[in-house]
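Nothing in this text is a laboratory measurement; each read-out follows from the coordinates by a stated rule. Remember, it's a predicted structure, so these values are computed and weren't measured experimentally. Here Cβ is always computed from backbone atoms with ideal geometry, including for glycine, and neighbour counts include all displayed protein chains.
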Amino acid sequence: TFTYKMIDNIFISADVFISTGKSTANPCPIMLYIHAGGWTGGSRANFSTPLFMEFLKRGFVVVSIDYR
């Protein structure tokens, strides 16, 4: 988990998922996941595990963010 922004003393965070054994020394594709919720609900933890696993299996780094 990384804090990428702070607004009005509220930390806005992102979770970064990298497959086991994946080297981060070289550039790789990223799948950025922005949860549903219409700016009023939800969180970066509300994701589809099978979807994330498929992207990880294909060599992507997966990033799930919160927003305010």
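Taking Cα extents along the principal axes in Å straight from the coordinates, which label in (1) 37, 24, 15; (2) 48, 27, 23; (3) 29, 22, 17 is the correct one?
This structure yields the entry labelled (1).
Sequence gap at least 6, Cα distance under 8 Å: using those rules, report the relative contact order of the chain to the nearest whole percent.
Values: 102 pairs, mean separation 28.4, N = 68.
Normalised by residue count, the contact order of the chain is 42 percent.
How much of the DSSP bridge set in the range 2-65 is antiparallel, in percent, rounded to the nearest 5? It would help to have the intermediate numbers written out before the result.
Numbers: 9 of 14 bridges.
Rounded to the nearest five, the antiparallel share is 65 percent.
Sorting check: for 16-25, 50-59, which peptide has the highest mean count of neighbouring beta carbons within 10 Å, and how do the rest follow? It would help to have the intermediate numbers written out before the result.
On the way: 16-25: 10.5, 50-59: 12.5.
Listed from highest to lowest mean packing, they are 50-59, 16-25.
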